[in-house]
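**Q** Take this structure first; my questions come after.
Read the figures in this text as sums done on the coordinates, not as results from a lab. Everything quoted here is computed from the prediction, not taken from an experiment. Here the Cβ positions follow ideal geometry from the backbone for every residue, glycine too, while neighbour counts run over all protein chains shown.
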Amino acid sequence: MASASVEHTSLRSVTAALNFVDLASVPEGERPTTYFPDQNGNIRPQNFANERRDVVITDLRSAGKEFKLDRNGFELLHHKSAIQGDEFYDEEKLKKVYLPEVEEVIKKVTGASRTKVFDSIIRSPRSTFKAIDRVHGDYTTKSGAGRLIEHIPEADSERLLNGRFAIINLWRPIRTVVDAPLAVADAITSPRSEIIAQSLVYPHRVGETAAFKYNPNVQFYYVSRQTPEEPLLIKTFEKAEDKAGFVPHSAFFDPTAPPNAPERESIEVRVLVLWEDGNDQAKL
């Protein structure tokens, strides 16, 4: 496994529509809110309008430089998983083979002393989860810390909250992506101050994710025809203020994709990452 090298050619990009939150449309006294289906499968509409903007999205294959987790908030790897194709839909293989594999990959890249998978999602025609075509972040400073409290025993979590920890998503295509690739923002161009807390309402609880308004200075990247051997690490929460995190991301419809392109199949694994021994320097 290694960080993926990129081609030193002229920049290639696509111009595609991305959706952002339209803050002016949020009802007074409320904050942006989206809803999960209730027990009957019904979904309430979000309480805000999307602001749709055409954005230049640069192909990482032409960028001519490496992007790193702690600097840019994402990192492209070359790594072939021990499971392939339809095996990703086998829950037993996921649990016994793939999830431990993901933890090991993240430990090697980050130098973390401890990792813990707490969530995995498949987005595909065979799943209830589909690609999200709105620029968002998975966590805020509040909800990211909440994940640590939720998934680490109390005796440890109180101590660990005072140290450095992060949440990293290992995002992998199950088959080569032809359409609906993932756009990620370079954290250098997307300051934490632009995070907008958004409520995510489940049938029995309310979570908190991040929304973003349009900012023409934010630079977005994607990987054209991304393969299963090219997983992308995305930093979705970071305790250390001097390191990148909270990366905005979104699926988008690629204008260069053929009209009969297969629907995207991808798997994302969310991992708590901790540096208990003070060794918090990523392995570059």
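**Q** Do any of K65/K235; K80/K116; K68/K108; K68/K239; K130/K235; K65/K213 go past 24 Å between their Cα atoms, and which?
**A** Flagged as over cut-off: K65/K213.
**Q** Anyone know which of V105, V97, V21 comes out most mobile in the 10 Å Cα GNM of the chain?
**A** Top of the fluctuation ranking is V97.
**Q** Next question. Per 10 Å bin from zero, what fraction in whole % of the C-alpha pairs of the chain is there, up to the bin with the longest pair?
**A** 6, 28, 38, 23, 4, 0
**Q** Okay, next question. Can you run phi through the Karplus equation (6.51, -1.76, 1.60; θ = phi - 60°) for the range 32-43 and list ³J(HN,Hα) in whole Hz, with x for Gly and Pro?
**A** Those phi angles translate into x, 9, 10, 10, 7, x, 7, 4, 9, x, 7, 10 Hz.
**Q** Also, I was wondering about something else. Within the range 83-183, which trypsin sites (Lys or Arg not before Pro) sit in a loop by DSSP and count at most 15 neighbouring Cβ atoms inside 10 Å?
**A** In loop regions of the range 83-183 (DSSP not H, G, I, E or B), the sparsely surrounded trypsin sites (Lys or Arg not before Pro) are R126, K130.
**Q** Picking from S127, S113, S157, which is most flexible by a Gaussian network model of the chain using Cα springs under 10 Å?
**A** Taking springs between Cα atoms under 10 Å, the residue moving most is S127.
**Q** If we count other beta carbons within 10 Å of each Cβ, what is the order of S193, S224, S25, fewest first?
**A** S193, S25, S224
**Q** Follow-up. Treat the range 134-284 as a sphere of radius equal to its Kirkwood radius over Cα pairs and apply Stokes-Einstein at 4 °C in a medium of 1.567 mPa s; give the translational diffusion coefficient in µm²/s, rounded to a whole number.
**A** Translational diffusion coefficient: 77 µm²/s.
**Q** So what is the relative contact order for the range 165-281, in percent, with contacts set as C-alpha pairs under 8 Å and at least six apart?
**A** Across the range 165-281, relative contact order equals 50 percent.
**Q** Let me see the pair-distance distribution of the range 168-235: every alpha carbon pair, 10 Å bin width, integer percents in order.
**A** Answer for the range 168-235: a P(r) of 17, 36, 34, 12 percent.
**Q** Also, quick follow-up: Taking N as the number of residues in the range 196-266, what is its alpha-carbon radius of gyration divided by 2.2 N^0.38 Å?
**A** With N residues counted in the range 196-266, Rg over 2.2 N^0.38 Å equals 1.43.
**Q** Can you list the aspartates and glutamates whose alpha carbon sits under 18 Å from that of K95, skipping same-chain ones fewer than 8 residues off?
**A** Output for K95: D86, E87, E103, E104, D119, E268.
**Q** Using helices alone, what [θ] at 222 nm do you get for the chain, with -39,500 (n - 2.57) per DSSP H run of 4 or more residues, divided over all residues and rounded to the nearest 500?
**A** For the chain, the value works out to -3500 deg cm²/dmol.
**Q** Grab the alpha carbons of the range 82-149, take their convex hull, and tell me the volume per residue in Å³.
**A** With only Cα atoms used, the range 82-149 gives 143 Å³ per residue.
**Q** About the Cα centre of the chain, how large is the charge dipole given +1 on each Lys and Arg Cβ and -1 on each Asp and Glu Cβ? Please answer in debye to the nearest 20.
**A** 200 debye
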